Each structure stands twice: as structure tokens, then as C-alpha cells.
Amino acid sequence: MLTAILLTYDAPTQPLRRDAIARSLASLVEACVEGLVADAVLAGAPGRGLDKVADEAGCELVETEKMTEGLAGALALARRERVLLLTAGYAVDRGFIDEVNDALAYGGGDRPYVLRAAPSSLVTRLVPRLAAPAGIIARKSALRAEASADLVRLAKRLRCSELSSSARRTF
């Protein structure tokens, strides 16, 4: 089982809407029902109304200005050793649950995995590995050791294996 940590920090070019956060959480409901995700933690900037979203969804909440501090706080609240770190504004696709269950059962328990964004251009359709990471599955200890919330950097440093499923934008 995994703890889902949803990073709800704004991108510099595009502010994140609360409905995008809710859609990201909604995409994980089936994973909860199937037993893949056990609990969730929202990490975001204070003063954005995330307390209401977290309360309605039954999530823990960490509010800090910096994303690295938010991730550290969320990792401290995570109940499971394995974590799904997901960028808010992305929703996992249908095949995600089966693929992750199989990967964790048969692919090696300590291996980290990267979930890429669904292809949005011709280049990323031809070479899906060039799509930006939307999520990472890894152990809490590995994420703490890296002390970074940048998914691109984490995927490289952790040497993540690629998941074939992707995450689509919800905003």
C-alpha cells in the first residue's frame, strides 16, 4: 500500500485551481478502493483554502511556503513506507492501478518508478520518456535523502523505472 502525497504548489506560469486538486484526488479513489492507496496528504502554500479540500477528502494537510519543506512535512505524516508523489493538476489513467500492483509485486520492492505526463506534443508522442514527470513512487527514506521536491531531479537521481501508464492534465 502507498501513501499519496499531492503537491499543490502553483507553477510560475499557471496558478493551480482548487477543482484541479479535487480532480487529482478523485483519480485516486479507485486506487483506494482497490487497496493500492491507503491514505493521502496534501502539501501546499498557506492561504489557498486547502484546509477545506483536505477536510472534505479526509486527507492530512501540510501548509508551507516552500515545496521542499512541504514535502518534508508530508513525508513525516505519511503512514506507509512507499509513497506516491503526485503533482496536483494531474490524474492517473485507468491502467495505473494494475500496473503498479504488478510492478510492486513482481518488479522488485525497492525500485522507484516514475509516472510521466500524457503526451502533449508530437515529440512526446514519439518519445514518451521526454514527457515531464507527473508522479514518482518511491520509499520515504529515498525521498528524504534527496531533499528535493523537483520531480525531474528526483526521477534522475533515484534512477526511476518508467511506468507505461501516464497521468493526464486536469486543468
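The values are calculated or read from the model by the stated rules, or taken from the named source; none is laboratory data. None of the values given here were measured: they were computed from a predicted structure. With ideal geometry, Cβ positions are generated from the backbone for all residues, glycine too; neighbour counts draw on all protein chains shown. Surface areas here come from the heavy atoms of the whole protein model, side chains and all, with no ligands, DNA or RNA. Shrake-Rupley method; radii C 1.70, N 1.55, O 1.52, S 1.80 Å.
Given the structure, is residue 111 farther than 23 Å from residue 27 by Cα, of a type in the set (D, E, K, R) and in contact with a helix residue (DSSP H, G or I) (Cβ under 8 Å, 6 or more places away or on another chain)? Break it down into steps so the answer makes sense when it comes.
Values: farther than 23 Å from residue 27 by Cα: yes; of a type in the set (D, E, K, R): yes; in contact with a helix residue (DSSP H, G or I) (Cβ under 8 Å, 6 or more places away or on another chain): yes.
Yes.
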Only unsatisfied item for residue 29, checking (1) over 11 Å from residue 89 (Cα atoms); (2) within 13 Å of the chain's Cα centre (by Cα), is (2)
All positions within the stretch 46-58 that are in contact (Cβ under 8 Å) with a residue 24 or more places away in the chain and either outside any helix (DSSP H, G or I) or among the aromatic types (Phe, Trp, Tyr) (or both):
48, 49
With the structure loaded, tell me whether residue 124 is of a type in the set (Ser, Thr, Tyr) and free of Cβ contacts under 8 Å to residues at least 24 places away in the same chain or whether it fails that test.
yes
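Results for (1) over 16 Å from the mean Cα position of the chain (by Cα); (2) on the phi > 0 side of the Ramachandran plot; (3) crowded, with 20+ Cβ neighbours inside 10 Å; (4) not in a helix (DSSP H, G or I), shown as yes or no for each residue.
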| position | (1), (2), (3), (4) |
| --- | --- |
| 102 | yes, no, no, no |
| 105 | yes, no, no, no |
| 129 | yes, no, no, no |
| 138 | no, no, yes, yes |
| 144 | no, no, no, no |
| 155 | no, no, yes, no |
| 163 | no, no, yes, yes |
Scan the stretch 10-20 residue by residue and report those that are open to solvent by less than 50 Å² (accessible area, probe 1.4 Å) and either at pLDDT 90 or above or more than 18 Å from residue 71 (Cβ to Cβ) (or both).
20
Of everything in the stretch 59-100 that's assigned to a loop (DSSP other than H, G, I, E, B) and among the small types (Gly, Ala, Ser), which residue is surrounded by the most Cβ atoms within 10 Å (Cβ to Cβ)?
88
Residue check: is residue 23 of a type in the set (Lys, Arg), within 15 Å of the chain's Cα centre (by Cα) and at pLDDT below 95?
yes
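Is the stretch 35-43 home to any residue that is under 16 Å from the mean Cα position of the chain (by Cα), within 20 Å of residue 146 (Cβ to Cβ) and open to solvent by less than 10 Å² (accessible area, probe 1.4 Å)?
Yes, that holds for at least one residue.
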State whether the residues of the stretch 93-110 include one that is acidic (Asp, Glu) and within 23 Å of residue 20 (Cβ to Cβ).
yes
